[in-house]
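A.B. asks: First, the structure itself, so that you have it in front of you.
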Amino acid sequence: MTERLTAREILALLADDATFTELPHPTGACGPDGPLAWHGYDASRARAAERTGERESVVVGTASVTGTRAVLIAFEFGFLGGSLGERTGDRLTAAHEYARDHRLPVVPLVATGGSRMQEGMVALTQLQRVARQSVLTREAGLPQIAVLRDPTTGGGWATLGAGSDVILALPGAQVGFAGSRVRPADADPAAYTAEAQVACGAADAVVPVTELRQVLGRWLRLLTGGADLAASPRPAPVPFALGAQDLPGSGWEAVRRARSPQRPRARAYLDAYFGHRVAISGDRCGGADPDGMLCGFGEHQGRTVAYAAQTGTATRPSGYRTAARLIRLADRLGIPVLTLVDTPGAANDADAERQGAGAAIAELFGAVAGARTPVTTLVIGEGGSGGALALAAPGGTWATPDAYFSVIAPESAAAILKRPDDQVEATADQLRVRPQDLVELGVIRGIVGPEGDFSPVARKRHRGNHDSTGHRP
């Protein structure tokens, strides 16, 4: 279990010196012992106030975190278990309204046991108020970054926590919808931890408390670095090629080069492209593909660029859903997107089908097609069928000399056509999978070199829906 910090302690840990300013508290009438006239409720509140020095279970204010100003919402677990009541809902509503009025990101620092029983359904309905405020803040194009402390359970997890764009958690924190006193007796306690939530794709990262300020500050800088979509953000520049510079002589040579273990992979391209970057993880549907799809935000030439990069493995359904989540978030924040294509294809095992492979790929196709922010794509290795094409931007796709793109792998094409194994290489030539073939066919815009030089583009064949800069018309 992680150390339990009070609301004031976590605020002092994160805020730059002398920058925290508490927001005015909304005032409202409340009858004796609350809306249910719960005997002893006023006395319980008084004892909680005396013990913690707070008047409610959240402390709300503005502060700078490593230079970026934000609205911070810190739960005080010592005040009735950090529970949400009507007055808590008033403070949370005021926090989001202030954030929208002043164009600030929102950072919930969650530590709560859920809704306050002494207020009954009045307390529970505060979750609807919180959800509405979160939606309005999201629609305003402002990011929400949650930090999960110990414990984060019940409605607080299911709204302020799980409803945020990026979810960070402290090591060992208890995180789950079901609190410790209401779980099945035989429930595995390890399933209700921050680490378990990251593993199943419900949270992005576990961050040690000693690193939290710097990590949160980096996230705030990157996610507030977008542009107004009405101003047509510039596309992300195409990365330079890191591998082979000469073009393949045959289709089969193109395939062999793309499959070579020596070819540079996604992490090498991301390291070369970004000064620094932070990763998101998980599809928020119970799955993660950390080895097959790398997603996050980074700094390139002084501005924020989002990235979704395949790593050369067969992409899992959770990988496609994570990429779709990344693109939708970047689109809402006005941040351009870079995608790196490198996969033999979508995972096609029975588990992948049960996990909704088709629906996940469709979701990613839709996210790319519907993005208002520009998407730039570089094929850096294998471009295997629809599992690769789903990550590619129509009219905004380039390739390296050691890449190929194909409707299907040459071996599979030969098998479908009932050709013998010795016809696989010839089939690769017939499919015209080489980068230069793709340029001539108008499938890609060009081939990148080592210093940003590009091959000519066969625009006359292009049938994409973007103009030559990668913007939507």
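The values are calculated or read from the model by the stated rules, or taken from the named source; none is laboratory data. Please read these numbers as outputs of a predicted model, since none were measured by experiment. Every residue, glycine as well, gets a Cβ built from its backbone with ideal geometry; the counts of neighbours run over all protein chains shown.
A.B. asks: State all residues of segment 169-192 that are without any contact (Cβ under 8 Å) to a residue 60 or more places away in the chain and crowded, with 24+ Cβ neighbours inside 10 Å; if no residue qualifies, say none.
C.D. replies: The answer is 169, 175.
A.B. asks: Residue 218 passes all but one of (1) surrounded by 16 or more Cβ atoms within 10 Å (Cβ to Cβ); (2) touching a Leu at 6+ places or on another chain (Cβ under 8 Å); which number fails?
C.D. replies: Looking at each condition in turn, residue 218 falls short on (2).
A.B. asks: Return the residues of segment 103-128 that are assigned to a helix (DSSP H, G or I) and either more than 25 Å from the chain's Cα centre (by Cα) or free of Cβ contacts under 8 Å to residues at least 24 places away in the same chain (or both); say none if nothing qualifies.
C.D. replies: Those that are assigned to a helix (DSSP H, G or I) and either more than 25 Å from the chain's Cα centre (by Cα) or free of Cβ contacts under 8 Å to residues at least 24 places away in the same chain (or both): 117, 118, 119, 120, 121, 122, 123, 124, 126, 128.
A.B. asks: Now a separate question. Could you pull out the residue among 243, 249 that is outside the structural domain of residue 169 (by TED's automatic domain parsing) and touching a helix residue (DSSP H, G or I) at 6+ places or on another chain (Cβ under 9 Å)?
C.D. replies: Values: 249 fails: touching a helix residue (DSSP H, G or I) at 6+ places or on another chain (Cβ under 9 Å).
Only one candidate qualifies: 243.
A.B. asks: Also: Can you tell me which residue among 69, 55, 100 is surrounded by fewer than 19 Cβ atoms within 10 Å (Cβ to Cβ) and either touching a Pro at 6+ places or on another chain (Cβ under 8 Å) or in a helix (DSSP H, G or I) (or both)? So that I can check it myself, show each step before the final result.
C.D. replies: Numbers: 69 fails: either touching a Pro at 6+ places or on another chain (Cβ under 8 Å) or in a helix (DSSP H, G or I) (or both); 55 fails: either touching a Pro at 6+ places or on another chain (Cβ under 8 Å) or in a helix (DSSP H, G or I) (or both).
It is 100.
A.B. asks: Go through 388, 393 for me and flag whichever is in a loop (DSSP other than H, G, I, E, B), among the small types (Gly, Ala, Ser), at pLDDT 95 or above and in the same structural domain as residue 445 (by TED's automatic domain parsing).
C.D. replies: 393
A.B. asks: Take segment 8-37 and flag every residue that is over 14 Å from residue 64 (Cβ atoms) and in contact with a Ser or Thr (Cβ under 8 Å, 6 or more places away or on another chain).
C.D. replies: Result: 23, 26.
A.B. asks: Can you name every residue in segment 403-440 that is in contact with a Lys or Arg (Cβ under 9 Å, 6 or more places away or on another chain) and hydroxyl-bearing (Ser, Thr, Tyr)?
C.D. replies: Selection gives 404, 406, 427.
A.B. asks: Do any helices (runs of 4 or more DSSP H) entirely within segment 180-271 hold 1 or more residues that are more than 18 Å from residue 450 (Cβ to Cβ) and at pLDDT below 95, and if so, which?
C.D. replies: Working: elements: 194-199, 212-223, 251-258.
Per the criteria, 194-199, 251-258.
A.B. asks: Collect the residues in segment 398-418 that are assigned to a helix (DSSP H, G or I) and without any contact (Cβ under 8 Å) to a residue 24 or more places away in the chain, keeping them in residue-number order.
C.D. replies: Listed by number, the residues that qualify are 411, 412, 413, 414, 415, 416.
A.B. asks: State whether the residues of segment 262-271 include one that is under 17 Å from residue 202 (Cα atoms) and in contact (Cβ under 8 Å) with a residue 40 or more places away in the chain. Spell out the reasoning first.
C.D. replies: Narrowing segment 262-271 to residues under 17 Å from residue 202 (Cα atoms): none.
Checked against the condition, which is being under 17 Å from residue 202 (Cα atoms) and in contact (Cβ under 8 Å) with a residue 40 or more places away in the chain, segment 262-271 yields no hits at all.
A.B. asks: Then there's this: Look at segment 280-320 and say how many of its residues are in contact with a strand residue (DSSP E or B) (Cβ under 8 Å, 6 or more places away or on another chain) and of a type in the set (D, E, K, R).
C.D. replies: Residues that pass the stated criteria total 3.
A.B. asks: Kindly establish whether residue 62 is assigned to a strand (DSSP E or B), in the same structural domain as residue 110 (by TED's automatic domain parsing), out of contact with any Leu (no Cβ under 6 Å at 6 or more places or on another chain) and among the polar types (S, T, N, Q). Please lay out each step first, then the result.
C.D. replies: Details: assigned to a strand (DSSP E or B): yes; in the same structural domain as residue 110 (by TED's automatic domain parsing): yes; out of contact with any Leu (no Cβ under 6 Å at 6 or more places or on another chain): yes; among the polar types (S, T, N, Q): yes.
Considered against the rule, which asks whether it is assigned to a strand (DSSP E or B), in the same structural domain as residue 110 (by TED's automatic domain parsing), out of contact with any Leu (no Cβ under 6 Å at 6 or more places or on another chain) and among the polar types (S, T, N, Q), residue 62 comes out as yes.
A.B. asks: Given (1) modelled with pLDDT of 90 or more; (2) in a loop (DSSP other than H, G, I, E, B); (3) surrounded by fewer than 19 Cβ atoms within 10 Å (Cβ to Cβ), where does residue 440 come up short, assuming only one miss?
C.D. replies: (2)
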